[in-house]
Amino acid sequence: MPDPLAHRTRKTITRGSHYPLGATLTTAGVNFALYSQHAAEVFLLLFDKPDGDPTDIIRLEERDKFIWHAHVNGVKAGQLYGYKVRGEYRPEWGLRFNDAKLLLDPYAKAVTAKFRNIDNLLLSYDAQPGAGEAVQDHRDNTAIVPKAIVVDDAFD
């Protein structure tokens, strides 16, 4: 079965910068930076519509000071995005990585909507009685999670 998070984009990706965190508009595109000390892989997903499929999946290759980052050329203000992150699922250690779950950028300056927890899809674990948080939920929540929006901070 093919990897649903396989890197696929036609956009030019460069190293970018670990600072500032979040999505920062530049003259050529957007710098994306996300902190995660324990992540094994980080994927940036770009969207055209809040409830649509990702148009681009970009594997972030660069990591400095536990900050994953990349500059994506051609991206403009208004671009919708989110992250999927791979790592260990060890709730007893506080690690709950689950790449079936889309994550909102904690540094986002704008979002598309409020969270709606339909059928417990926002949880990383199986919420069925008796399952407990030790059982990972592999259902994808991408369609229902609000997306972050790239914002132009310029003010004249």
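The values are calculated or read from the model by the stated rules, or taken from the named source; none is laboratory data. Quantities reported herein were computed from a predicted structural model and do not represent experimental measurements. Every residue, glycine as well, gets a Cβ built from its backbone with ideal geometry; the counts of neighbours run over all protein chains shown.
One residue stands out in region 104-121 among those that are under 30 Å from Gly29 (Cβ atoms), without any contact (Cβ under 8 Å) to a residue 40 or more places away in the chain and hydrophobic (A, V, I, L, M, F, W, C): the one that is surrounded by the fewest Cβ atoms within 10 Å (Cβ to Cβ), namely Phe115.
With the structure loaded, tell me whether Val30 is surrounded by 20 or more Cβ atoms within 10 Å (Cβ to Cβ), in contact with a strand residue (DSSP E or B) (Cβ under 7 Å, 6 or more places away or on another chain) and of a type in the set (A, V, I, L, M) or whether it fails that test. Against the criterion (surrounded by 20 or more Cβ atoms within 10 Å (Cβ to Cβ), in contact with a strand residue (DSSP E or B) (Cβ under 7 Å, 6 or more places away or on another chain) and of a type in the set (A, V, I, L, M)), Val30 qualifies. Scanning region 6-38 for residues that are within 24 Å of Ala110 (Cβ to Cβ), within 15 Å of the chain's Cα centre (by Cα) and of a type in the set (A, V, I, L, M, F, W, C) turns up Leu21, Ala23, Val30, Phe32, Ala33, Leu34.
Note on region 57-92: among residues that are over 13 Å from Val42 (Cβ atoms) and of a type in the set (A, V, I, L, M, F, W, C), the one that is surrounded by the fewest Cβ atoms within 10 Å (Cβ to Cβ) is Ala77. Criterion applied to Ala108, Ala77, Ala33 was being at pLDDT 95 or above, closer than 29 Å to Phe155 by Cβ and assigned to a strand (DSSP E or B), and the one residue passing it is Ala33. Going by the structure shown, is Leu95 surrounded by 15 or more Cβ atoms within 10 Å (Cβ to Cβ) and aliphatic (A, V, I, L, M)? No; evaluated as a whole, the condition is false for this residue.
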